[in-house]
1. Write out, first by first residue and then by second, each pair whose Cβ atoms fall under 6 Å of each other, whose residues are 6+ apart or on separate chains, and whose first residue, in the range 169-190, is closer than 22 Å to Val158 by Cβ while the second is assigned to a helix (DSSP H, G or I) and among the aromatic types (Phe, Trp, Tyr).
2. So is Asn51 under 20 Å from Leu101 (Cα atoms) and buried (at least 22 other Cβ atoms within 10 Å of the Cβ) or not?
3. Gly210: over 16 Å from the mean Cα position of the chain (by Cα), within 27 Å of Thr129 (Cα to Cα) and surrounded by 19 or more Cβ atoms within 10 Å (Cβ to Cβ), yes or no?
4. Between a residue in the range 32-57 that is more than 17 Å from Met241 (Cα to Cα) and any residue that is modelled with pLDDT of 95 or more and of a type in the set (Val, Ile, Thr), which pairs come within a Cβ distance under 6 Å, given they are 6 or more apart or on different chains?
5. Looking at the range 164-174 only, could you name the residues that are of a type in the set (A, V, I, L, M) and surrounded by fewer than 19 Cβ atoms within 10 Å (Cβ to Cβ)?
6. In this structure, does Ile84 turn out to be among the β-branched types (Val, Ile, Thr) and free of Cβ contacts under 8 Å to residues at least 24 places away in the same chain?
7. Please state which one of Ile177, Ile161, Ile187, Ile110 is farther than 29 Å from Tyr11 by Cβ, exposed (fewer than 14 other Cβ atoms within 10 Å of the Cβ) and either among the β-branched types (Val, Ile, Thr) or in contact with a Lys or Arg (Cβ under 9 Å, 6 or more places away or on another chain) (or both).
8. I'd like the residue in the range 213-233 that is surrounded by 24 or more Cβ atoms within 10 Å (Cβ to Cβ) and either aromatic (Phe, Trp, Tyr) or at pLDDT below 90 (or both) and, out of all such residues, is farthest from Asn60 (Cα to Cα).
Amino acid sequence: MGLHGIFGEVYGKNSMLILLLTVDICLLFAGNSAINLRWSGIIYPTPELYNAFLPNDYINLFIGVPALIFSVILALCSIKIGLIGWTGSLLFVLYNEIAYLFAVRNVYSIIVNATIVLLGAAAIILMLTSLDYQALFPVAPIIRRPGIYGAILILMGVLFIARALINIITAVSGNSILSLPEIGVNIADAVICPFWIISGILLFKKTAAGFTAGCVSYFHGSLLFIALIIFMVIRPMLCDMKLVTEDLLFIGVMTLIFLVPAVLITRTFQL
C-alpha cells in the first residue's frame, strides 16, 4: 500500500514500507543514543571510546534525529527537498552506525548497531531503486555547472576512500596502530563515500537521477561536517580533551566545500 502526496507518487507501493523502516530506524537510533549516554561507563569502558563516542551520542540525538524527522515531515507534506533530506539523513545515520558497529564491541551495542545498519541499508537501497524520477521531475531539470558539482563529489569521495584504505592497510600490515574509533570511522568512510563518487559521475550526465543523487550527497556531506564541527566544540566540555583550533578551521573549510554547492544546486530548482 502506498501513501498520498509527492512521497507516495515517487515511491509508489514501497512508500509505506520505506516510512515504516524509517520510523524503526529513528526510534532505534534515538533510543540507542540515549542508552549510550545513560550507561556510558559500561558502553564505553575505555577513555578512547568515551572521548570519541559520548559527544557523538549528543550529536546523534540532537542533530541527526531532528534532521531525519524534519525531512520526513517535509516529504510527507509534499515538499520535495524533504525527500533529499530524508535520504541524506539516513546516510548520516548509516555512516555513524557503521563506525559504532566496528568500534563498540559489547554484545548489546553490536546487536543494536548491526540492526540499525541493516535497516538503514535496506531503507536507502529501497529509496534509491524504487524512486520514480519522472514523477519527481515531470520536466527534466536543467543542471547548471554539473561538471563542477560532479568533480567536487568525485574528488572528495576519492580522497576519503584513499585515506581510509591506506589507514586500514597499514594497520593490517602492522605498520601502524589504529584505535577502535579510528577503525570504525575509516570503515565508514570506505563504505559510504563511494556513493559520493557515483553521484558525481551521474551529475555529469545531467539527468534527474544525477541531480537527485548529487543533492543527497551534498546534503549528507554538509550534515556530516556540521555535526563534526559541533562535536569538536562540545567535546572539551564533556571529556578531558582540548579544542584544537587548527582542526576546527580545517573542518570548517570541508564544511563549506559541501555546504556552498548544496545551497547552490538546490536553489537551481524548486524542491
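The values are calculated or read from the model by the stated rules, or taken from the named source; none is laboratory data. These numbers were taken from a predicted model, which means no experiment stands behind them. Every residue, glycine among them, receives a Cβ derived from its backbone with ideal geometry; neighbour counts consider all protein chains shown.
1. That search, which allows pairs on different chains as well, returns Ile183/Phe102; Gly184/Phe102; Ile187/Phe102; Ala188/Tyr95; Asp189/Phe160.
2. So Asn51 fails the test.
3. Values: over 16 Å from the mean Cα position of the chain (by Cα): yes; within 27 Å of Thr129 (Cα to Cα): yes; surrounded by 19 or more Cβ atoms within 10 Å (Cβ to Cβ): yes.
For Gly210, the condition - over 16 Å from the mean Cα position of the chain (by Cα), within 27 Å of Thr129 (Cα to Cα) and surrounded by 19 or more Cβ atoms within 10 Å (Cβ to Cβ) - is met.
4. Asn32/Val112; Asn36/Ile43
5. Within the range 164-174, Leu165, Ile166, Ile168, Ile169, Ala171, Val172 qualify.
6. Details: among the β-branched types (Val, Ile, Thr): yes; free of Cβ contacts under 8 Å to residues at least 24 places away in the same chain: no.
No, not satisfied.
7. Exactly one of Ile177, Ile161, Ile187, Ile110 is farther than 29 Å from Tyr11 by Cβ, exposed (fewer than 14 other Cβ atoms within 10 Å of the Cβ) and either among the β-branched types (Val, Ile, Thr) or in contact with a Lys or Arg (Cβ under 9 Å, 6 or more places away or on another chain) (or both), namely Ile177.
8. Tyr218
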